[in-house]
1. Name the residues in region 301-327 that are within 22 Å of Leu272 (Cβ to Cβ), among the polar types (S, T, N, Q) and assigned to a helix (DSSP H, G or I), would you?
2. Only one of Thr188, Thr280 is at pLDDT below 95, closer than 21 Å to Asp309 by Cβ and surrounded by 16 or more Cβ atoms within 10 Å (Cβ to Cβ). Can you tell me which?
3. Arg298 passes all but one of (1) within 30 Å of Leu340 (Cβ to Cβ); (2) free of Cβ contacts under 8 Å to residues at least 24 places away in the same chain; (3) assigned to a loop (DSSP other than H, G, I, E, B); (4) not aliphatic (A, V, I, L, M); which number fails?
4. Which one is nearest to Met323 (Cα to Cα), of the residues in region 83-110 that are among the hydroxyl-bearing types (Ser, Thr, Tyr) and assigned to a helix (DSSP H, G or I)?
5. Restricting the search to region 212-252, which residues are touching a Pro at 6+ places or on another chain (Cβ under 9 Å) and among the charged types (D, E, K, R)?
6. Please enumerate the residues belonging to region 171-184 that are under 20 Å from Leu94 (Cβ atoms) and more than 16 Å from the chain's Cα centre (by Cα).
7. Considering region 58-85 alone, what residues qualify as being within 26 Å of the chain's Cα centre (by Cα) and small (Gly, Ala, Ser)?
8. Taking the condition of being in contact with a Ser or Thr (Cβ under 9 Å, 6 or more places away or on another chain), of a type in the set (A, V, I, L, M) and farther than 16 Å from Gly267 by Cα, how many residues in region 285-305 meet it?
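The values are calculated or read from the model by the stated rules, or taken from the named source; none is laboratory data. In this text, all values refer to a predicted model and were calculated from it rather than measured experimentally. Reconstructed Cβ throughout: ideal geometry from the backbone, glycine too, with neighbour counts over all protein chains shown.
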Amino acid sequence: MRVGILGATGYTGQELVRLLANHPQAEVVYLGSSSSAGQLYSGVYPQLVGQGIGNLADENVPDGVEVLFCALPHGLTAARTPGFLARGIKVIDLGADFRLHSVSVYEKWYKTHHPAPELLPQAVYGLPEFYREAVRGTALVANPGCYPTATLLALVPLLKAGLLNEGSLIIDAKSGVSGAGRGATLGTHFSEITENFKPYGVAEHRHTPEIEQELSQAVGSDVVVNFTPHLVPMIRGMLATIYADVKDGVEEGDLRGAWQAHYEEEGFVHLLPQGTWPQTKFTLGSNHAFLQLTLDQRTGRAIIVSAIDNLVKGASGQAVQNMNILCGLPEDMGLKGTGLWP
């Protein structure tokens, strides 16, 4: 496959380059950047020197690209996507432009006009563990956000099985600072982040409607959640701790059984042995997700924990997983590595 990447110098763009360099059926033929055109890619990311990756180009996508990853900020991909699709290019958008089904919801939360609302009905939400067959039949994939990925992997099977009270969901999530991107800001400055731990986007984070949309679809009625993200002083990793009231008569074994039934054949989602709780270090650099839960008998609440690497399963690794599905390849091709430890 002849692959292109728009936004190749950001963290998710670099992670795509790293993963695709070891993919036996992908040839990266185009690396687009609005700020670094003409430079050697290894000049921007010297750890890739000697890999034959080549030069960065401007954002004019050349002919011959078959699959295009768009690792751009929201609002920039949608306007160009009709042209890409008309040229026969399959598009995997790592931004937010096609994740939400409703134009009005997108414009409310992202504070910008949606330039291609006519494409929303054909965009497939690219969480393969739930929408694999739909991804297989599309040319436009909306790669999920990192917080939604961690949250939905934990909750959707339990909600579909009717085990949780959907009005009781509290999502307390933490992410490494790489989720904020490569651009320097005061909030991600070393002196602001190190030895610090802070909530942000409280009651207004843009991943909230994405989570609610997919949970609502799972149960067939509107779901509203409390979602609070936090920034922790580490580079990679995401951990979501979720609290939910269980329905009358539900036991811990029922919760585990719903997970096991859904994930039995899934290669990237792992249910840990009872008593072993997910750690972000388990996921470092990999496309794997780790889940654990317990039912607090004293309160009647399930405590559910999910861990992923925010740049891999939460972004670029999941995008490669979607590419493999789109192109009829084994889903784990180029993604078989486990997390680094220590």
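1. Within region 301-327, Gln318, Gln321 qualify.
2. Thr188
3. The failed condition is (1).
4. Per the criteria, the residue is Tyr106.
5. Glu214
6. If the condition is that a residue be under 20 Å from Leu94 (Cβ atoms) and more than 16 Å from the chain's Cα centre (by Cα), then Arg182, Gly183 are the ones that fit.
7. Ala71, Gly75, Ala78, Ala79, Gly83, listed by residue number.
8. Count: 4.
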